[in-house]
Amino acid sequence: MDVFSRTFLPAAAEAGVAIPTVSRHMPIFRRCVEPDDTTVLVSRCYRPDAPLSGEFILLLTRRRLVVTQETKVFHRLRLHLNANLRHLSNVTWNPDATRSAVEVTATAVDGVRERFRLRLAEPEAVWRFDSLLQHVFRSPRAAVA
């Protein structure tokens, strides 16, 4: 089993993403992520500025941010965002323990500002996700990579 598979499944379980959902989205993630890349976090999310656009699954690895979308009516899957972390700018996040959510925003290489709200099962998970985001986006190694 490769590094991505070994780290993806525990991260999805920690976030409470159901196995059938993981299985549906996995082919898209596999096309975007290298087998030796480590999964940092996986989460269901939605776009606060487009609430009727369906549900999204966000995957953050040490090298990439990949977001897939499942449409509401037909449950079709599509790739929404596939970006190398070096190509993202102005990455910010706002943890909100009262709502058990973290809002993540980033500007993609094409200049589009992406905004996602991660819904978490419990308030304690907010601080865990906050520390993971800090580790990936604010560590000295991330600035060099």
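The residues neighbouring His87, those whose beta-carbon lies less than 13 Å from its own, together hold a net charge of +1 under the Lys/Arg +1, Asp/Glu -1 convention.
For the chain, list log₁₀ I(q)/I(0) at each q in 0.09, 0.20, 0.21 Å⁻¹, using the Debye formula over Cα point scatterers of equal strength and ignoring solvent, two decimals each. Values, matching the q order: -0.24, -1.40, -1.56.
Expressed as a whole percent, the proportion of Cα-Cα pairs in the stretch 71-145 lying more than 15 Å apart is 63%. The mean accessible area for residues of the chain, using a 1.4 Å probe and ignoring ligands and nucleic acids, is 54 Å² per residue. Based on C-alpha pairs under 8 angstrom that are at least 6 apart in sequence, the stretch 20-66 has a relative contact order of 37 percent.
How much of the accessible area of the chain, probe 1.4 Å, is carbon plus sulfur, in whole percent? Heavy-atom surface of the chain belonging to carbon and sulfur, 1.4 Å probe: 54 percent.
The values are calculated or read from the model by the stated rules, or taken from the named source; none is laboratory data. Predicted model, so just to flag it, every value in this text is computed and none were measured. So basically every Cβ, Gly included, is an ideal-geometry build from the backbone, and we count neighbours across all protein chains shown. Surface areas here come from the heavy atoms of the whole protein model, side chains and all, with no ligands, DNA or RNA. Shrake-Rupley method; radii C 1.70, N 1.55, O 1.52, S 1.80 Å.
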